[in-house]
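K.L.:
Please see the structure below; I have some questions.
The values are calculated or read from the model by the stated rules, or taken from the named source; none is laboratory data. Keep in mind the model is a prediction, meaning the values are calculated, not measured. Positions of Cβ are backbone-derived with ideal geometry, glycine not excepted, and every protein chain shown enters the neighbour counts. SASA here: full protein model, heavy atoms, side chains in, ligands and nucleic acids out. Shrake-Rupley method; radii C 1.70, N 1.55, O 1.52, S 1.80 Å.
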Amino acid sequence: MNIGFANLVTLSRLVIIPFLIYSILKDNYFLSGFLVIVAILTDYLDGIIARASNDVTKHGELLDPAVDKIFTVSVLVALVEKHVVNSFEVFLIIAREMLVTWVRSVLVNKGIVVPAYFLGKLKTSIQLLAIFLLSINFVEFGKVALWISIFFAYVSGFEYFMIFYKEKAWK
């Protein structure tokens, strides 16, 4: 199997995660911020590379959001350990992600492909900003951004549930 350069870029985020967690736990804010920026850039670039090289694959389409979720949850758990965010905030984020992933999976199994919506992309952008701010110890601004991302997460999640309901996907 040819894994493709774009998927290697995606997988590089997994390699970054342990170093990022370590830097957060050791209060190395410069390294933490740098690694978050690298992770954000790889998330941005993998799709561009895949499209430019005509190497968009189902594996890549599934791998990218999975790695994104692993990245987000891993960093947030490290921030819980540092008492920067609390477990309730992380619960809200994980619960939404799991429910939306379930809804999208059910819809795909029914032959209904639901693209990412603007509000979901906005949620992700604000969430990454929050993670960056929290990782460099700008806690007050980071917490505000995190709560804004949680708000948009649930508003955008509601869009998916409306499609689920409209399509009667539970049948």
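K.L.:
Could you compute the net charge surrounding A169? Neighbours are other residues with a C-beta less than 11 Å from the C-beta of A169; K and R count +1, D and E count -1.
P.N.:
Combined, the nearby Lys, Arg, Asp and Glu give +4.
K.L.:
Taking the simple approach of a point 7 Å from Cα along Cα-to-Cβ for both F19 and Y117, what is their distance in nm?
P.N.:
For F19 paired with Y117, the spin-label model returns 3.7 nm.
K.L.:
Roughly to the nearest percent, how much of the accessible area of the chain is carbon and sulfur, given a 1.4 Å probe?
P.N.:
Working: 7160 of 9960 Å².
Ligands and nucleic acids excluded, carbon and sulfur give 72 percent.
K.L.:
Rounded to the nearest 10 Å², what accessible area does D55 have for a 1.4 Å probe in the complete protein model?
P.N.:
50
K.L.:
Can you give me the Rg/Rh ratio for the chain, using Cα atoms for both radii and the Kirkwood formula for Rh?
P.N.:
Result: Rg/Rh = 0.99.
K.L.:
Accessible area per residue for the chain in Å², computed with a 1.4 Å probe and the full protein assembly in place, what is it? Intermediate values should be presented prior to the final figure.
P.N.:
On the way: 9960 Å² over 171 residues.
Here the residues of the chain average 58 Å² of exposed surface.
K.L.:
On full extension of the chain, what length is gained from F161 through W147, given 0.36 nm per residue of separation minus the C-alpha to C-alpha distance?
P.N.:
Details: separation 14, 0.36 × 14 = 5.04 nm, distance 2.10 nm.
Between F161 and W147, full extension yields 2.9 nm more.
K.L.:
Sticking with this structure for a sec: Could you list, in their original order, any pairs among K110/K143; K82/K123; K58/K82 whose Cα atoms are separated by more than 29 Å?
P.N.:
As for pairs spanning more than 29 Å Cα to Cα, those are K110/K143; K58/K82.
K.L.:
Using just the alpha carbons, could you tell me how many Å³ per residue the convex hull of region 38-96 encloses?
P.N.:
It is 78 Å³ per residue.
K.L.:
Next question. Explain nothing, just the number: relative contact order of region 107-155, from Cα pairs under 8 Å at least 6 residues apart, as a whole percent.
P.N.:
For region 107-155, the relative contact order is 38 percent.
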